[in-house]
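Quick notes on the structure that follows.
The values are calculated or read from the model by the stated rules, or taken from the named source; none is laboratory data. Treat the numbers as computed from the prediction; the structure is a model and nothing was measured. All Cβ positions, even for glycine, are placed from backbone atoms using ideal geometry, and neighbour counts span all protein chains on display.
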Amino acid sequence: MKGASFTERLLRNPPLLTFLLVALVWIVASLTLRGFGAYGHLRYILELSAVIGIVAAGQTLVILLGGIDLSVGAVITVTAILLPLISPDWDPTGLVGIALALLIAAAIGFMNGVGQAFLKVPAIIMTLAMATFLQGLLILVAGGSAVSVTNKAVILLGSARPAGVPAGIILWIVVSFVVLLLIHRLPIGARLLALGANPLAARLSGVDVNRNSLIGYTLSGFFAGLAGMLLLGMNRQGYVGIGDPYLMTSIAAVVLGGTSILGGRGTYAGTIPGAILLVTTTALITVVNASAGWRSVMFGSLILALLLVSGREARR
Amino acid sequence: MSMAEGMGSLYFAIQRRRNRGLVGLYLVVGAFLVVYAFMFPGLLTIGGFSKFSQNWFPLALVTMAQALLMLNGGISLAIGPLVSLGAVVAALTMEGPAGVLGGLVAVVIVGLGIGAITGAIVAYMRLPAIIVTLAGSFIITGIALILLPRPGGFVPDWLSQLLAGHTPVAFGILILVVIGWKLFLATPLGTGIYAVGDNPVGAFRSGVPVERVRIVSFALSGLLAALAGLFVAAQTGSGDPVIGNPFTLNSIAGAVLGGVGFLGGKGAMRGAICGSLLLSVMINVMFFIGFPPVAQYVAQGVIIVGAVAIPEFARRWRKA
Amino acid sequence: MDQATPLIEARAVSKAFFGNPVLKGVGIALRPGRVHALLGENGAGKSTLINLLSGALQPDDGEILIDGKPVARLTPASARAAGIAVVQQELSLAAELSIAENIGLGAAPRRFGMIDYGALSRRAAEICGLVGITEPLDLPVGELSLGRRQMVEIAKALFRQPRILILDEPTSSLSAHEVAILSGLVRTLAARGIAILYISHRLNEVQSLCSHVTVLKDGVVTADQSLAEVDAEGLVRLMVGRDPGEVFPPRGTPSGGEELIDIEGFSAGMVHDVSLRARAGEIVGIGGLVGQGQEDFMLGLYGAIDASARRAMIGGRPGPFAHVRAANAAGLAYVPADRKKEGLVLPHSIASNLLLPSLGTLMKHGMRDRAAEAGLVARLAERLTIKGDTSRAVQALSGGNQQKVALAKWLPLVPRVLLLNDPTRGVDVGTKREIYHMLRSFADEGKLILLISSDTPELVHLCDRVVVFREGAVAAELPREAISEEAIVGAAMGLGAKDRAA
Amino acid sequence: LSNCIKGDRKAPYSVGWANIYSVPTWMKQTEGTITAEVDELKKAGLVKDLMITDAQGNAQTQIQQIQSMIDANLDAIIVEAGSSTALDRVISDACAKGIAVVNFDSLVDTNNLTAKINTDSNEWGSSAAKWLIEKLGGKGKIIVMNGPAGISVSDDRRKGAQPVLDANPDIKIITETNTEYNVAPAQEAMTSLLFANPEIDGILSLGGALSAGSVLAFDRQGREQVPITGENARQFLELWKEKGLKSWATMQPNWLGALSVYAAVQALEGKDVPAFVKVPLPVIDDSNIDGYLAKAGDFPADGYIYSPYDKALFDKLLAQ
Ligand SMILES: Nc1ncnc2c1ncn2[C@@H]1O[C@H](COP(=O)(O)OP(=O)(O)OP(=O)(O)O)[C@@H](O)[C@H]1O
Ligand SMILES: Nc1ncnc2c1ncn2[C@@H]1O[C@H](COP(=O)(O)OP(=O)(O)OP(=O)(O)O)[C@@H](O)[C@H]1O
Ligand SMILES: O[C@@H]1[C@H](O)[C@H](O)CO[C@H]1O
Ligand SMILES: [Mg+2]
Ligand SMILES: [Mg+2]
């Protein structure tokens, strides 16, 4: 559009805005806080963001299609605990274990989709119940204790740094590439968006609601599994509860990135800086010397302030 | 003509219709209550019923607080922290010179005030409620922790006895709250909650003060959550800065179980209240059946899905 | 009467959206007792002007006067206080609230600060009687058909006892019967001294009801005159600015093409035991009072609701279809009546909406071929004269242009059977003409067109055959020679279609 | 007779364990000691069944579950409290019904119960602080790692350290953290702190998993380890050995659970159980760490290596 000024265009581009916000926070923080802007630290922030970013990839898809996935935390935990347990000894590469674990994660997502599509259970209830269910199952399987990983590929994923770039970040880049393609360059992306914005019109336009919901939830399960695997690699240990912190953060990253929580509008391009923003904020608050209460207040206020900038366009 | 029925009959006819989609849920909840009463006949005594309803009461209040927002097209992730803050404020003020009355006033102000501020941010800045309240949840938790870094404070024993003793006062209050809600719904502002939730533009053009409705619903929701906190303080005799946190997810679960839609304008409060009752009675039934913790988690997941899926299937089956 | 002070007047108002001017120095004056028509093509700015007059939008420039006095800032509330009521083109109802509550929304009688349900019930009943709403007042509006919701919308406006009543395409989804009721009502209200602004694309209505007209074109007023000496053609000329030519295309001779629909004992929703055969090259009209199963019939054919049949060959494949995709695969396309709820993904761009059904057909290297898609969108926009940037949200289009998008999106799939549910609802006369000619040429190309219409003249002049539904069954099937308004209405009302046929 | 005991309950007894949250490994291990003890007592004909509830972290649910245990008229209730104040009233109710109530680890404020069994959290904090300060020669910059805010255990440990820190003004607290008692969040927080603080002389960690997370953060960032306090978490003890840390640790024995069941049954049997059973805190240092590590294989990877226990030990502790 020719009429629109630069700022106007910027304001209408939540992903870009969120990216600029991240840059701004980084610059201000490194000028004021010793050590914050160190290359190593920023790299570490990105590495942590990768986990959130990958879970939030699935969350983005599901939210775009008008749903929500409250089971991602549980799926991460399931993957992180099951992967070491099911990696067969005869496979030195560890890839078989990974494939199995991701299959399980995707199957859980698929079940969520089935609940949605065929049992007509609202997403929020279906996935919440699934999380509770998995919690019980896990205690049963793992007896509630942590398992250490010996899977070669997973350890490599958590520790390798080809050309100084942590493997987790590389994985995230790949995921981003795939998800952005999926949303913007494949028919399914447009179908998910249409479903999220108006399921009835989409159905009458020949979009198969059930099938696309199934695909969306399955992918969400898959990406949560992928994140669980990365987390396992970074921690070397999976335990019950390891995925819990990623539920709310994955949703927050999506919304901070300008995607409508009601579905039908947004892109993963916003989620990426959204995830970085969240981790950055947490890191900032951690180094402030204040009581727990004050730190909590500061964290909330900072999120709110960032939202005022990046979330402006996300009106209903 | 049939519609020229008597005066109040329109009101009751509207009410009757709202029950239709909820029959399935009523049956599920009823079945659970029967099973529970069968296993624990003490439920049917005054004392037993009192205790049961006291344990359900705060969940019922927060579910109403959540449903109120969801009907209006909003949602709050700060319900739990607000319960904590309500409990903290009650426990801190009631032991001071302000006394119980002062404490009550303080809790009411805190609930209404925080709710209204949140509502104003959502309504005027046009930010998504889910993330505003997520940020709010950290801020409110922080305030509760600053006010009362560790559990403590004090609520006079007579108040605890009154609200959470061996009489069903809490249940009575719940009924009053429901009546209050019905009265509110019968005000133009109350009807506006549905209209704004369903079709904000249309409501605006019909002369409904959309922003004011949003703010009022957040304020009332905040009030309910803070009052739930006051009750928790009375029930436990003290304040705890983190006690309310789990209520957030439970309030959403209760409301959605009760058929309240995510997008606004869909559902009824009675459904939400029923949903919260199911969540509550489920805990007792599982205990009396003697489920081990693992089975409790699994069963809970299955029951929740079933409670939504079974009525849906029944509906489809009846239609076919 | 024209000398009286206008109850409301807009002087030189302008309005732009995101820098695109929609109204440029427009003036209009509504006087008591006058039915004033506001005409203009789709997107001319009629609804926008109304939004200014009712306080829903603020003008960028110019002023609004009520009773001759300028008002600083008109809001919906202050407009209502000044006696202005609007029947919105975009329905402003809340689905979960009852008919009565909707009617009273924002203006309900109160007692002790609460809605006085007794008084509401009485007054709403009175008005419903006036406009012919017979459904129980406690029924949630969400359970009503589009046409009935429109009636509720009208009742809602009347409930406010307006001095100034603005009707934005009030009849676009009404049946003939409902239109008659409304016309009578409008006359009565005007006789009582109420100023009425009437927007419609049905020029016969305008002609019979209105005494004055303002015509908008490209954001400016091109006519502001009495309708006294203007005849039907003159009206069209006023609006289009030139001679429009025949509205309805000439009918050819039915070619006896391939049989594309052959159903027997077909049931779906409220439709039961319907039999129908139809061939390529035909335009088959489906008439009847609103809500007699016409829509269920189409949805059933389209696989969108459960259907059963003793025998069904649809598009050359055995039906009924279990899914929309199966219907699409058989060459069926469906254009719903409620374009906002069912036809379009409003917040998405025109381009995305146009591409939705054909996603996956334009692929390159396994990915969407953006260039090909852009070409397709451009061709469709051109063919249906959808002007402007196709990356705009379809929401921002005027009603008529939205309808074009809802139709155009199917063309790339080259459907053989078009199921059209009131496709010209709210479409301006010029565009209507285009659509009629397009439908005829589709038929000539060998497509079969099933057309539900609430506009009886459309059935009479466009269709090769009309099937009239009543209570979920076919009440009459009128061959070309037998089609007339009387025959259709008669059959629809259950007045001896069979006797006549005999 | 012990507190709450009325002498009209007869063996075999039914016992309830009201757990706040069953998921953390510490809890799993503790449940193991409880079920093992119950098996013993069953053999002795003293216990007939054990009911376990899991409040899923919700103190409000825990109240409800304890109420159900009262309703079911269990003979003994073992409580791992989700709030130091919230359960006071329901526990008092149980006590009034003659139920033996024993509370361990995470304690409640009320004394209306049969016994509280715990180590001394204040002493935990002060001993840790003393050791660290001595190690640092009374001077240096330290970071304090706490468990979750608003929880009495973490709060009590921190409080115990305060007087010691006050007495040593040359010890500077750079900053404090609050995280769950889990490795990953602790490691994440410490990593950020390492970037922000080039000079750190010691870590006052008040939880085993927190210590492990801290050590891992130092290790991953290639920073030289500093003196750190901790707990008998297997992972921490192993890191200590592996990295040759300068460390000190203590232990919150999981068999507090078993001891609680044992104490409850003793009380029901008419024995005199002291109202507060103080379990001494052991010191783990370079001199005895090998003894702990030798048994590591018997414990979960993220579990706690607790010292052995037997009836004799229990009797001795109960005889104080
Ligand atoms: N909210 C909006 N944002 C952007 N553009 C808008 C908006 N509302 C209307 N427009 C544009 O303003 C122009 C006039 O629209 P308007 O709805 O007033 O037309 P109309 O004359 O009522 O058309 P119709 O006969 O189809 O109802 C259209 O081009 C439309 O795209
Ligand atoms: N209308 C539809 N509704 C739902 N899913 C679809 C639809 N069309 C295709 N898909 C599925 O979406 C994914 C990508 O779509 P794509 O169009 O490339 O597949 P396709 O099967 O080649 O499509 P088509 O059926 O149009 O030939 C595939 O898994 C495809 O099966
Ligand atoms: O619809 C609900 C139910 O009637 C409930 O019992 C109270 O609030 C109303 O809004
Ligand atoms: Mg219009
Ligand atoms: Mg129109």
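Numbers below:
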read-out: Residue selected from the range C:34-86 under the condition basic (Lys, Arg) and more than 16 Å from ligand 1 (Cβ to nearest atom), by the criterion nearest to C:Ala228 (Cα to Cα); value: C:Arg34
read-out: Helices (runs of 4 or more DSSP H) (entirely within the range C:57-157) containing at least 2 residues that are free of Cβ contacts under 8 Å to residues at least 12 places away in the same chain and either surrounded by fewer than 23 Cβ atoms within 10 Å (Cβ to Cβ) or within 11 Å of chain B (Cβ to nearest Cβ) (or both); value: C:117-131
read-out: Residues (part of a helix (DSSP H, G or I), in contact with a strand residue (DSSP E or B) (Cβ under 8 Å, 6 or more places away or on another chain) and among the small types (Gly, Ala, Ser)) located in the range C:375-406; value: C:Ala396, C:Ala406
read-out: Identity of the residue in the range D:189-209, touching a residue at least 24 places away in the same chain (Cβ under 8 Å) and more than 23 Å from A:Pro245 (Cα to Cα), that ends up surrounded by the fewest Cβ atoms within 10 Å (Cβ to Cβ); value: D:Glu199
read-out: Residue within the range A:181-190 that is among the hydrophobic types (A, V, I, L, M, F, W, C) and under 20 Å from C:Gly343 (Cβ atoms) present; value: yes
read-out: Some residue of the range B:88-96 being closer than 21 Å to B:Ile175 by Cβ and away from chain D (no Cβ under 12 Å); value: no
read-out: Filtered residues of the range B:7-44 (kept if more than 10 Å from every other protein chain (Cβ to nearest Cβ) and either outside any helix (DSSP H, G or I) or at positive phi (or both)); value: B:Asn19
read-out: Number of positions in the range C:196-229 that are under 18 Å from C:Val186 (Cβ atoms), among the small types (Gly, Ala, Ser) and within 12 Å of ligand 1 (Cβ to nearest atom); value: 1
read-out: Selected residue (only one of A:Leu214, A:Leu262, A:Leu277 is in contact (Cβ under 8 Å) with a residue 24 or more places away in the chain and either within 14 Å of chain D (Cβ to nearest Cβ) or under 16 Å from the mean Cα position of the chain (by Cα) (or both)); value: A:Leu277
read-out: Condition broken by C:Ala278, with the remaining ones in (1) over 24 Å from the mean Cα position of the chain (by Cα); (2) under 16 Å from C:Leu419 (Cα atoms); (3) within 14 Å of another protein chain (Cβ to nearest Cβ) satisfied; value: (3)
read-out: Failed item in (1) surrounded by fewer than 19 Cβ atoms within 10 Å (Cβ to Cβ); (2) over 18 Å from the mean Cα position of the chain (by Cα), with D:Pro148 passing the rest; value: (2)
read-out: Every residue from the range D:220-247 that is among the hydrophobic types (A, V, I, L, M, F, W, C), touching a strand residue (DSSP E or B) at 6+ places or on another chain (Cβ under 8 Å) and either part of a helix (DSSP H, G or I) or at pLDDT 95 or above (or both); value: D:Val226, D:Ile228, D:Phe236, D:Leu237, D:Trp240
read-out: Residues being touching an Asp or Glu at 6+ places or on another chain (Cβ under 8 Å), away from ligand 1 (no atom under 16 Å from the Cβ) and under 26 Å from C:Met438 (Cα atoms) - total across the range C:343-386; value: 2
read-out: Test: residue in the range B:207-227 that is under 25 Å from B:Trp56 (Cα atoms), within 9 Å of another protein chain (Cβ to nearest Cβ) and touching a Leu at 6+ places or on another chain (Cβ under 9 Å); value: no
read-out: Qualifying residue in the range B:255-267 (condition: within 14 Å of chain D (Cβ to nearest Cβ) and part of a helix (DSSP H, G or I)); value: no
read-out: Qualifying positions in the range C:30-56 - within 16 Å of ligand 5 (Cβ to nearest atom), within 14 Å of chain B (Cβ to nearest Cβ) and not aliphatic (A, V, I, L, M); value: C:Ser47, C:Thr48, C:Asn51
read-out: Residues of the range A:37-74 that turn out to be assigned to a loop (DSSP other than H, G, I, E, B) and in contact (Cβ under 8 Å) with a residue 24 or more places away in the chain, as a count; value: 7
read-out: Selected residue (only one of B:Ile175, B:Ile179, B:Ile146 is more than 24 Å from the chain's Cα centre (by Cα), without any contact (Cβ under 8 Å) to a residue 40 or more places away in the chain and assigned to a helix (DSSP H, G or I)); value: B:Ile146
read-out: Criterion: in a helix (DSSP H, G or I), more than 23 Å from A:Arg185 (Cα to Cα) and within 10 Å of chain D (Cβ to nearest Cβ) - qualifying residue of A:Met234, A:Met229; value: A:Met234
read-out: Residue in the range A:289-299 that is on the phi > 0 side of the Ramachandran plot and either more than 14 Å from chain B (Cβ to nearest Cβ) or out of contact with any strand residue (DSSP E or B) (no Cβ under 6 Å at 6 or more places or on another chain) (or both) present; value: no
read-out: Selected residue (criterion: nearest to the chain's Cα centre (by Cα)) from residues of the range B:131-143 that are of a type outside the set (A, V, I, L, M, F, W, C) and at the interface with chain A (Cβ under 9 Å from one of its Cβ atoms); value: B:Ser137
read-out: The range A:75-94, residues that are in a helix (DSSP H, G or I) and within 19 Å of A:Ser148 (Cβ to Cβ); value: A:Ile76, A:Thr77, A:Val78, A:Thr79, A:Ala80, A:Ile81, A:Leu82, A:Leu83, A:Pro84, A:Leu85, A:Ile86
read-out: Positions within the range C:192-229 being outside any strand (DSSP E or B) and touching a Leu at 6+ places or on another chain (Cβ under 7 Å), in sequence order; value: C:Ile194, C:Leu203, C:Val206, C:Gln207, C:Cys210, C:Ser211, C:Gly219
read-out: Candidate set from the range A:175-192 (those that are touching a Leu at 6+ places or on another chain (Cβ under 7 Å) and at the interface with chain C (Cβ under 7 Å from one of its Cβ atoms)); member that is nearest to ligand 4 (Cβ to nearest atom); value: A:Ala190
read-out: Options C:Leu354, C:Leu362, C:Leu346; residue that is in contact with a strand residue (DSSP E or B) (Cβ under 8 Å, 6 or more places away or on another chain), under 30 Å from C:Asn51 (Cβ atoms) and surrounded by 16 or more Cβ atoms within 10 Å (Cβ to Cβ); value: C:Leu346
read-out: Failed item, numbered, when D:Lys48 is tested on (1) in a helix (DSSP H, G or I); (2) more than 8 Å from every other protein chain (Cβ to nearest Cβ); (3) in contact with a Pro (Cβ under 7 Å, 6 or more places away or on another chain); value: (1)
read-out: Residue within the range B:275-291 that is surrounded by fewer than 24 Cβ atoms within 10 Å (Cβ to Cβ), facing another protein chain (nearest Cβ under 10 Å) and in a loop (DSSP other than H, G, I, E, B) present; value: yes
read-out: Residue pairs meeting the criteria (Cβ under 9 Å; at least 6 apart or on separate chains; first at positive phi, in the range B:278-297; second modelled with pLDDT of 90 or more); value: B:Gly290/D:Asp49; B:Gly290/D:Met51
